[in-house]
Amino acid sequence: MSLFHIVIYGSLLIFIVAILARAARIMRMPLHLRWELQPVPHERPGASTFERVDWWTHSRDRSRFGELSIMIPEILLLKGVWEHNRGLWFASWTLHFGLYLLIGAMVVILLHAVLLVAGVLADAFVPVVLAAVTRPLAIAGGALGTVGAIAMLIRRITEPGMRRYATAGHFVNLAHLGAIYVTALLWALLDGGFVAETATLYAGVLTAAPLPSLPLIGYLNVAIVLLFFIYLPFTHMTHFFTKYFTYHMVRWEDTPNTAGGRLEEKIRRNVSQPVSWAAAHVGANGKKTWLDLVADTGEVKRETEEA
Amino acid sequence: MPGANGKQQPRSVRDIGRRSERLAHVAVEELMPLPAPYDVSEDFPGIAPLKDETRARYGASATLDDTLAAGIPQPATEEDERKIVEAFLSGLRKLFSRENNWTFLQPLVLSMEHCARCQTCAADCPVFEASGRNELYRPTFRAEVLRRLYFRHVKPGGAWYNTFHSSGLELTYDLVARLFELAYRCTLCRRCAQSCPIGVDNGLITHDLRKLFSQELGWAPKELHNKGTVQQLTLGSSTGMNKLVVKDNIEFIDEDMSERLGWEVKTPWDVQGADMLVIENAGEFLAWPENHGCTAAILNGAGLSWTMSSEIAGYDGVNYGLFYDDVQLARVATRHFRIAKQLGVKKIVMGECGHEHKALGVIADRVGLDLVPRESLLTLVRDIVYSGAINVDPSRNDFPVTLHDPCNIVRNMGIVQPQRDVLRKICPQFREMTPHGIRNYCCGGGSGFAIMSPNNFEQWRNLISSRKKFAQILGAFADTELNDPEQKKYVCAPCSNCKGAIRDMLDFYGAKEKSGIYYGGLVELVVNAMAGAAEPILDWEMM
Ligand code: SF4
Ligand code: SF4
């Protein structure tokens with residue numbers, strides 16, 4: 001196993017572990033109070049739960065289709081940005097869609113590599129098709145992403161609101177993404193061996209077999225991508241997957257707390273924790289639990305005083 | 001601080017911590033324009049300057065902008081300032097701890113760590129827009145202050161890395177004092193959260209900031225805390241009415257309603273085993289007594305088994321804890337549940353009060369374990385009207401009517417259609433605002449603003465946070481004679497706080513005198529349409 005192997009495995013490992021740790025950290029946070037926000041797409045349009053008299057006696061009809069009909073246009077077309085911030089849409093869509101295309105190219109290369117490892121001949125039908133789509137996908141992704149990174153950079157500098165809230169981190173992220181797109185574009189565009197090299201590279205990574213030598217632009221691209229893998233999980237760019245939580249665990253999370261229901265145990269755990277807020281009216285002492293504190297609504301004391 | 005275009009506004013997030021005379025100022029010419037006859041800026045001179053004594057007493061907290069919603073007296077010494085900064089820091093850490101903020105930790109962290117600073121949310125904030133886009137009121141401004149403090153002082157990780165993301169924001173006393181004030185320049189309407197493509201919620205960030213100040217430093221506007229939840233939990237109601245006074249008032253309301261309708265209206269009290277406990281916003285009994293009278297008339301007319309409670313807090317559905325303090329929120333809700341259990345009712349029906357709906361109907365769902373089902377009066381009234389249990393004659397409501405959607409009932413709970421169904425049946429000239437339903441604009445009185453009027457805050461509210469709603473109301477009546485006060489127009493606002501804000505804005509802009517625009521709730525329209533009533537409930541002279 002070469003040093004190159006170790007660098008690749010190490011970067012992928014950091015990426016996977018850091019992403020899983022981040023997801024686990026979020027998922028392990030306590031059940032929060034309800035904070036849903038309309039539209040909640042799994043509800044029946046025109047008849048949301050609370051629009052029915054005695055709503056708790058009706059079954060909750062949840063429509064997965066409703067959720068997908070919001071998520072797909074949002075992910076693929078950035079519908080929210082189109083509707084609420086059209087001036088940003090072009091930069092944002094090109095930046096994101098370029099990445100989708102590059103990820104698509106990587107998936108195709110991976111499939112190609114799996115077939116090679118499995119012994120399917122390179123001139124068989126499927127590998128030929130995969131090889132045929134790899135380069136166009138990579139070129140389109142690289143080109144679109146490059147345009148997006150430049151457009152986003154211009155927007156971030158010229159739109160006063162975006163400029164005012166930009167931190168150094170934003171420009172580093174953008175430069176990093178831009179470098180991925182430009183190097184991917186140049187590699188796919190200028191190197192005749194791009195398809196074969198990438199498929200062999202992935203196969204080599206899958207099997208720990210010797211890795212092909214790459215042109216300089218190839219090494220550059222791989223290095224920048226690996227660095228991105230290491231860096232990404234620690235940035236706000238993790239919104240690519242945490243968005244799932246903001247939608248499914250907050251905006252669309254409307255499970256009612258019913259007696260004997262699945263939330264009860266979690267709520268019991270929450271309210272049994274000691275609280276240490278310092279304001280006098282809270283009455284916390286680090287030992288009293290939330291339940292102790294909120295159960296004291298003052299009437300016992302008042303009744304004694306009145307008596 | 002003069003920024004771009006000569007506007008006085010922060011140039012960067014860092015300015016909030018730097019001592020200066022005033023961070024932002026909105027001149028009347030910078031405000032979002034209104035249509036004629038409300039377009040003459042001389043008629044609305046802008047926000048009167050704070051008094052010198054107020055400025056002197058409140059020091060840094062009075063240097064945020066033109067107004068002072070709560071304010072903290074300036075500490076006497078630098079040592080006192082330092083102690084406050086330390087207390088703030090301690091609260092900041094608790095805000096991100098599982099034990100102390102299990103209530104909102106997950107949504108808060110998600111919102112802290114994933115904002116792309118894309119500013120998609122900005123265009124949808126009525127406060128930011130109405131102010132003429134003053135930077136101080138941009139939804140991300142206060143969120144970014146908290147975010148940078150979080151990265152610098154709380155989030156585990158390399159100091160270097162976190163500094164890189166916090167862009168050198170210094171935690172000073174001035175920052176703390178101004179941030180407290182700034183937490184009361186957002187109505188928590190969550191319109192910005194709806195448009196965030198990532199699901200970041202700047203309204204929640206403001207909510208949790210308020211909570212930090214209240215639960216750790218004991219800082220909260222007196223209208224919400226001392227006169228609000230504390231008074232409700234000790235006296236029985238944030239209005240200050242004890243049970244004797246409230247029963248007396250209701251008796252008077254019932255008598256008046258009976259006289260006007262020509263049949264008896266009677267409110268049942270403390271009926272053990274009734275089907276439903278009705279809890280309204282007690283402010284109605286004083287400010288809009290006919291709202292309770294009409295509710296009672298409808299429930300009686302439909303022959304339902306209902307009761308009110310004279311227990312402490314049992315006759316007041318407000319829960320200002322929703323706006324600033326989770327512990328107080330839970331205490332009020334716990335009280336409501338306990339009373340309902342003691343009466344043995346099957347459900348609690350929440351009157352025309354938006355934040356009661358949100359607090360009791362949704363949030364309280366997870367604050368404890370001994371719950372009672374809650375439902376909206378709007379839904380119940382829709383079913384009553386459509387069941388034919390009461391007889392309505394729409395021709396009695398033949399004037400232009402538009403509907404305001406209270407954020408807490410509509411955007412936050414999805415109760416959109418019932419109130420519309422009712423209006424379509426009983427108001428021949430019903431028309432929608434643009435936009436409406438879940439994309440409505442806040443009345444400007446959300447999050448407690450409707451009941452807060454210290455110093456010149458009411459002017460700020462009417463000129464800035466209510467401005468967008470006022471423009472919407474004018475838009476809804478654009479096809480009528482806006483210059484004709486004799487043509488009566490009605491804004492239906494099925495929420496007490498919204499009604500308070502709408503009342504104030506209509507007064508402030510002189511909309512009744514200039515345009516004949518009046519306001520009220522939903523049940524008033526229903527009863528006004530009741531066939532056979534001796535006299536109409538809507539008395540334009542008295543409104
Ligand atoms: S809150 Fe959302 S919309 Fe606003 S700047 Fe952050 S990511 Fe963009
Ligand atoms: S919650 Fe409403 S008022 Fe507050 S920042 Fe968002 S849009 Fe503006």
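Please treat every number below as a calculation from the coordinates, not as lab data. Please read all numbers here as calculations on a predicted model, not as lab measurements. Every residue, glycine among them, receives a Cβ derived from its backbone with ideal geometry; neighbour counts consider all protein chains shown.
Peptide B:189-200 has a mean of 6 when you count, residue by residue, the C-beta atoms of other protein chains within 10 Å of its C-beta. Taking other C-beta atoms within 10 angstrom as a stand-in for reagent exposure, B:349, B:154 fall in the order B:154, B:349, fewest first. Each Lys and Arg Cβ is given +1 and each Asp and Glu Cβ -1; about its Cα centre, region A:36-102 then shows a dipole of about 140 debye. Beyond 24 Å, the tail of the calculated P(r) for region B:101-216 holds 22 percent of the Cα pairs.
Projecting the Cα atoms of B:408, B:495, B:477 onto the dipole axis of region B:230-528, where Lys and Arg carry +1 and Asp and Glu carry -1 at the beta carbon, places B:408 farthest toward the positive end. As a size descriptor, the averaged projected area of the C-alpha convex hull of region A:178-224 was calculated at 3.0 nm².
Taking every alpha-carbon pair under 8 Å whose residues sit at least 6 apart, chain B reaches a relative contact order of 15 percent.
Take the alpha-carbon centre of region B:343-385, take the same for region A:217-238, and report the distance between them in whole Å. When both Cα centres are located, 51 Å separates them. Helix by helix through chain B, keep the DSSP H runs that span 30 Å or more along the axis on Cα and average at least 1.0 on Kyte-Doolittle, and give those back in order. Helix filter hits for chain B: none.
A P(r) calculated from all alpha carbon pairs of chain A, with 20 Å bins opening at zero, reads 23, 44, 26, 6, 1 percent.
Each Lys and Arg adds +1 at its Cβ and each Asp and Glu adds -1 at its Cβ; summed about the Cα centre, region A:81-229 shows a dipole of about 540 debye. The residues neighbouring residue A:293, those whose beta-carbon lies less than 13 Å from its own, together hold a net charge of -2 under the Lys/Arg +1, Asp/Glu -1 convention.
Please give the Cα centre distance for region B:224-296 versus region B:65-110, rounded to the nearest Å. Spelled out, the Cα-based centre of one part sits 37 Å from the other. Exposure proxy shown here: for A:123, B:174, the number of other Cβ atoms within 10 Å sets the order, fewest to most, as A:123, B:174. Two numbers describe the Cα atoms of region B:230-528: Rg and Dmax, which are 18.3, 55 Å.
Look at the stretch B:379-392: the mean tally of other chain Cβ atoms within 10 Å of its residues' Cβ atoms is 1. The mean number of partner chain beta-carbon atoms within 10 angstrom of a residue's beta-carbon across peptide A:230-236 is 3.
Label positions at residue A:158 and residue B:272, each projected 7 Å from the Cα along the C-beta direction, are separated by 7.6 nm.
Using Stokes-Einstein with the Kirkwood hydrodynamic radius over Cα pairs, what translational diffusion coefficient do you get for region B:260-381 at 4 °C and a viscosity of 1.567 mPa s, in µm²/s rounded to a whole number? For these conditions, the coefficient is 90 µm²/s.
Here the average projected area of the convex hull drawn through the C-alpha atoms of region B:383-496 stands at 8.2 nm². For the pair residue B:341 and residue A:57, label points projected 7 Å from Cα toward Cβ lie 2.3 nm apart. In this structure, residue B:395 and residue B:263 have a Cβ-Cβ separation that, at R0 = 30 Å, corresponds to a calculated FRET efficiency of about 0.90. Across chain A, the relative contact order, built from alpha-carbon pairs under 8 Å that are at least six residues apart, equals 22 percent. State whether region B:13-217 is rounded, prolate or oblate according to the following rule on the C-alpha gyration tensor (a ≥ b ≥ c being the square roots of its eigenvalues): a/c under 1.5 gives rounded; otherwise a/b larger than b/c gives prolate, and the remaining case gives oblate. Oblate. Above 15 Å, the calculated P(r) of region A:101-199 contains 64 percent of its Cα-Cα pairs.
One quarter of the surface of the convex hull around the alpha-carbon atoms of chain B equals 24.2 nm², the direction-averaged projected area.
Estimated from helices alone, the mean residue ellipticity of the protein assembly as shown at 222 nm is -15000 deg cm²/dmol (sum of -39500 (n - 2.57) over DSSP H runs with n ≥ 4, per residue). Taken as entire DSSP H runs, the helices of chain A that both span 15 Å or more between Cα atoms along their own long axis and average 1.0 or more on the Kyte-Doolittle scale are A:3-27, A:64-77, A:86-117, A:125-158, A:168-190, A:194-207, A:216-231. Here the peptides B:55-63, A:63-71, B:435-443, A:49-57 are ranked by packing, the mean other Cβ count within 10 Å, and the order with the highest first is B:435-443, B:55-63, A:49-57, A:63-71. The per residue volume of the convex hull around the alpha-carbon atoms of region B:192-280 is 206 Å³.
Sorting B:498, B:492 by the number of Cβ atoms found within 10 Å of their own Cβ, with the fewest placed first, yields B:492, B:498. Each Lys or Arg adds one and each Asp or Glu takes one away; over the other residues whose Cβ falls under 13 Å from the Cβ of residue A:171, this sums to +4. Pairwise Cα separations in region A:26-138 fall into 5 Å bins from 0 onward with the following percentages, short to long: 2, 9, 11, 11, 11, 12, 12, 10, 8, 7, 4, 2, 1, 0. Quick one: net charge of residue A:39's neighbours, Cβ under 14 Å, K/R +1, D/E -1? Every neighbour counted, the sum reads -1.
Spin-label model, residue B:542 to residue B:370: label points 7 Å out along the Cα-to-beta-carbon direction sit 4.1 nm apart. Computed from the C-alpha gyration tensor, the three semi-axes of the ellipsoid equivalent to the protein assembly as shown are 51, 30, 28 Å, from longest to shortest.
Shown is the FRET efficiency for residue B:287 and residue A:24, computed with R0 = 51 Å from the Cβ-Cβ distance and rounded to the nearest 0.05: 0.50.
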